[in-house]
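The values are calculated or read from the model by the stated rules, or taken from the named source; none is laboratory data. Source: prediction; values computed, not measured. Cβ coordinates were reconstructed from backbone atoms using ideal geometry, including for glycine residues, and neighbour counts include every protein chain displayed. We work out accessible area using only protein heavy atoms, side chains counted, and drop any ligands, DNA or RNA first. Shrake-Rupley method; radii C 1.70, N 1.55, O 1.52, S 1.80 Å.
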Amino acid sequence: MLNDSSFAIHPNLEKDKEKEIIFYDIGALLSFEQKGNVFHILCENGFVCILFYRNDIVRIVMNQNAEPSLVSSIACIKQPEHVDVQVKKIGKETIILNTPKLIVELHPSPLRVQIKDQNGSIILAETKLGMGYTNTNHVYCFKQMDEDDHFYGFGEKTGFLEKRGEKLTMWNSDVFAPHNPETDPLYQSIPYFMTVRKGKAHGLFFDNTWKTTFDLKSYEDCYSFSAEGGQLDYYVFAGPTPKDVIEQYTDLTGRMPLPPKWALGYHQSKYSYKSEQEVRELADTFIEKQIPIDAIYLDIHYMDGYRVFTFDKANFPNPEKLIADLKKAGIHTVPIVDPGVKKDPEYHIYREGVLGDYFCKYLEGNIYIDEVWPGLCAFPDFSKTKTQQWWGEKHAFYTNLGIEGIWNDMNEPAVFNETKTMDVDVIHENDGELKTHKEFHNVYGLFMEKATYEGLKKLLNGKRPFLLTRAGFSGIQRYAAVWTGDNRSFWEHLEMALPMCMNLGISGVPFCGADVGGFAHDANGQLLVRWMQAGSFIPFFRNHNNLQSIRQEPWAFGEKYEKMIKKYIELRYQWLHHFYTLFKEASQTGFPVMRPLFLEYPHDPNVTNLSDQFLVGDNVLIAPILRPDTKCRTVYLPEGEWINYWTDEKLLGGKFIIVEADLSTLPIFIKRGTMIAQGSVKQSTKIPETKLEIHLYRNDQGVSTYRLYDDDGETFAYENGDYFLKTLTCHQSERSIHFTITNENETYKPSWKEWNLVIHLVDKPVSLYINDKKIGQENMSVDLAKKTITVTLNESFA
Ligand code: GLC
């Protein structure tokens, strides 16, 4: 029938219907002009802008159709600083833009951008290929890849630590299927990486929210990054150390505010603790067994028919009392909140959403409806300021009940359809600058976190909110901690959690962790013990598992395992103060709490792809056992001398060693010269610290420093100077140890009244001085067997 109409000559009926992809190079440079701090370049096939944000950060933007827009995505919070750029022309050919830290060379025919460091060594080069685009409006950039280039970052990715040889896609995705090395993408999109070449590092952030791909696989000598739309908009960070790159990237995209202390404790979760009684029994068991705990999570069953901002009246008849009782016991309640709002004309949130015009819609005006846990749902359009405000304010429902932490899930957004997400044709109003979901998808979760964080912050009257999210984009660290979604109780997934969290850490997200014990599948006693051991040193420490999986609370597999698990939860609390100090550092510098070894030892070829051990801060090395029935493993100790935490045995670094570790032992090594604060075991962080110990693993020579930080642990008062900071500096020689304790700030008085200095490795007599005062034998307690000296520090030293 159709053949009777014009359909018979429809262009799609032509044999070769597939659109041929044509690639356009940006072409030759035609003109170059400086306007203010922006360099404008017109090329044969498009427009390019270059501007410096700092001496060591440059932004390059290509638009094939028009002058580039310099509006950045939500990821960036930094405005360009004033940078003195010297512009030189070499002959008629090359244009050179010079800052004290970066040299950008523009070679004209065709335009190729070479970026060099302050010494004139190339960090990023373009040769045959440079910038370009296709007739389908995909944008590309190719860079040369050196034999010695190693790639890290890219946010939340499976596989080993180093990503050379991988092709990685950024498209926030809900993946319940087992996460294996080829599972990509997952829930987070962080289009950023750093390259380490012969110990020196530089970084690159591709600020494009469309689906992006990083191809480090297809060619031997070059890699590419590309997007399915938008501009080619990227930033280059000069390094030159890996830590410099992180500092530069997080200056651009923001740093994590200091979390409340309780968020650093042990958290217990399950899909789901289904009633008030079950939650109370759970809390009581922790308390009876004296296993420390700071938070219990409520998964989707707490709600009335999975309607967010409600409680199921039958199973949770008195949430206010439950939450208050738990809080009294030092346990915070963290409920889950998903973005899907049940389509139910009698449900107040749905009504408000429709009447207030807060939901995502098609261009034609109809609300986008699709299925998640509650059945058919509408989804808040978080791109609109008014939706953000509405959603934020709705959290009064939780904060009025005493809640201070929210767990956001399914915010990719996950939808139960074939594409697993929202129709990409849905429109996000974005305060007038409309975007399709295709463009907005990767930032949907980040906008949800912004709305939730800002709402909670207002509602909590000065207290710090805690947010946990599954989805995110670059900049997510400003609002939320990240967990790596639905892993499984596989030994391989315990192993994978390490490089995944290390890469998240170097991608600006210091507060991250994987479901301890594994989410899906069934754990067993041995696996849970080993996972708890690793988890106790991973920044976010939460045990969570699935509806159908067998239970995996610390006591689930019997007393033998419970005892070992308890030991490591307790250890976390002993180390909590040290963690807090590292979180403080992360909030100021962006440096992760959990670090791959190359961050501290970038010149050491043995750590290039070391995926099964990590550092906590710069000098504590954790090497978990990651295999069943295994009581030993190889551990790489970088240069220097290391101390076995459990035995104080001295070990020479710069080599691999074999370490014995029975089921109750997590291998931990401390670099000589390190200081660490240790507190006492307590039921929760609510119990004030009464005694703090500063352990020095003494060296025969050299200087060690420690910045001991504390504040009230729950408010923003520290931002107004209400904190405690002492710098401990220690000059060591074979015969003497000189401590200098400097009070940097004492506006906040910590809870501990007593603090001790514990000096390890005292195998020969030493003289000890504190602030130039010699400490007499009568003021020291010497343990000859342990080879330690303990001194109680009192006011006269501080
Ligand atoms: C998702 C989450 C998981 C949660 C479940 C039910 O699978 O990743 O953590 O328990 O949804 O809410």
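Can you find a residue that is under 26 Å from the mean Cα position of the chain (by Cα) and aliphatic (A, V, I, L, M) anywhere in segment 371-381?
So far as segment 371-381 goes, no, none of its residues is under 26 Å from the mean Cα position of the chain (by Cα) and aliphatic (A, V, I, L, M).
For segment 527-543, give me the residue count where each residue is touching a strand residue (DSSP E or B) at 6+ places or on another chain (Cβ under 7 Å) and of a type outside the set (A, V, I, L, M, F, W, C).
Number satisfying all stated conditions: 4.
Per-residue answers, yes or no, for (1) open to solvent by less than 30 Å² (accessible area, probe 1.4 Å); (2) within 16 Å of the ligand (Cβ to nearest atom); (3) in a helix (DSSP H, G or I):
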| residue | (1), (2), (3) |
| --- | --- |
| Glu364 | no, no, no |
| Glu393 | no, no, yes |
| Gly402 | yes, no, no |
| Ile406 | yes, yes, no |
| Thr419 | no, no, no |
| Asp423 | no, no, no |
| Lys438 | no, no, yes |
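Quick check on Met410: is it more than 16 Å from the ligand (Cβ to nearest atom) and either open to solvent by less than 10 Å² (accessible area, probe 1.4 Å) or part of a loop (DSSP other than H, G, I, E, B) (or both)?
Considered against the rule, which asks whether it is more than 16 Å from the ligand (Cβ to nearest atom) and either open to solvent by less than 10 Å² (accessible area, probe 1.4 Å) or part of a loop (DSSP other than H, G, I, E, B) (or both), Met410 comes out as no.
Among the residues of segment 59-72, are any β-branched (Val, Ile, Thr), modelled with pLDDT of 95 or more and either over 30 Å from Gly239 (Cα atoms) or surrounded by 11 or more Cβ atoms within 10 Å (Cβ to Cβ) (or both)?
Looking for residues that are β-branched (Val, Ile, Thr), modelled with pLDDT of 95 or more and either over 30 Å from Gly239 (Cα atoms) or surrounded by 11 or more Cβ atoms within 10 Å (Cβ to Cβ) (or both), one finds at least one in segment 59-72, hence yes.
Output yes when any residue across segment 547-563 is aromatic (Phe, Trp, Tyr) and within 16 Å of the ligand (Cβ to nearest atom), and no when none is.
no
Among the residues of segment 185-198, is any surrounded by fewer than 24 Cβ atoms within 10 Å (Cβ to Cβ), within 19 Å of Gly239 (Cα to Cα) and not β-branched (Val, Ile, Thr)?
Looking through segment 185-198, at least one residue is surrounded by fewer than 24 Cβ atoms within 10 Å (Cβ to Cβ), within 19 Å of Gly239 (Cα to Cα) and not β-branched (Val, Ile, Thr).
Return only the number of the condition from (1) touching a residue at least 24 places away in the same chain (Cβ under 8 Å); (2) touching a helix residue (DSSP H, G or I) at 6+ places or on another chain (Cβ under 9 Å) that Gly340 does not satisfy.
Failing condition for Gly340: (2).
Scan segment 94-117 for residues that are closer than 16 Å to His40 by Cβ and either crowded, with 18+ Cβ neighbours inside 10 Å or among the aliphatic types (A, V, I, L, M) (or both) and jot them down.
Ile95, Leu97, Val104, Leu106, Leu111, Val113
Among the candidates Ile349, Ile287, Ile323, single out the residue that is in contact with a Gly (Cβ under 8 Å, 6 or more places away or on another chain), among the aliphatic types (A, V, I, L, M) and not in a loop (DSSP other than H, G, I, E, B).
Selected residue: Ile323, the only one of Ile349, Ile287, Ile323 that is in contact with a Gly (Cβ under 8 Å, 6 or more places away or on another chain), among the aliphatic types (A, V, I, L, M) and not in a loop (DSSP other than H, G, I, E, B).
Pull up segment 300-322, narrow it to residues that are open to solvent by less than 10 Å² (accessible area, probe 1.4 Å) and on the phi < 0 side of the Ramachandran plot, then point me to the one that is farthest from the ligand (Cβ to nearest atom).
Leu322
Please state which one of Glu746, Glu693 is open to solvent by 40 Å² or more (accessible area, probe 1.4 Å), at pLDDT below 95 and more than 26 Å from the chain's Cα centre (by Cα).
Checking each option against the conditions leaves just Glu746.
Considering each residue of segment 749-781, count those that are assigned to a strand (DSSP E or B) and exposed (fewer than 14 other Cβ atoms within 10 Å of the Cβ), and give that number.
5
For Val681, work out the one condition from (1) surrounded by 18 or more Cβ atoms within 10 Å (Cβ to Cβ); (2) under 18 Å from Phe541 (Cα atoms); (3) not polar (S, T, N, Q) it doesn't fulfil.
Every condition holds for Val681 apart from (1).
Only one residue in Gly120, Gly91, Gly155 is open to solvent by 60 Å² or more (accessible area, probe 1.4 Å) and at positive phi. Which one?
On inspection, the qualifying residue turns out to be Gly91.
Scan segment 468-487 residue by residue and report those that are open to solvent by 10 Å² or more (accessible area, probe 1.4 Å) and within 12 Å of the ligand (Cβ to nearest atom).
Across segment 468-487, the qualifying residue is only Asp486.
Answer yes or no: is there a residue in segment 447-467 that is within 15 Å of the ligand (Cβ to nearest atom), among the charged types (D, E, K, R) and modelled with pLDDT of 95 or more.
no
Being open to solvent by less than 10 Å² (accessible area, probe 1.4 Å) and within 16 Å of the ligand (Cβ to nearest atom) is true for just one of Pro380, Pro374, Pro335. Which residue is that?
One residue alone meets the criteria, Pro335.
Tell me, please, whether a residue that is assigned to a loop (DSSP other than H, G, I, E, B) and either away from the ligand (no atom under 16 Å from the Cβ) or not aliphatic (A, V, I, L, M) (or both) can be found in segment 275-282.
Yes.
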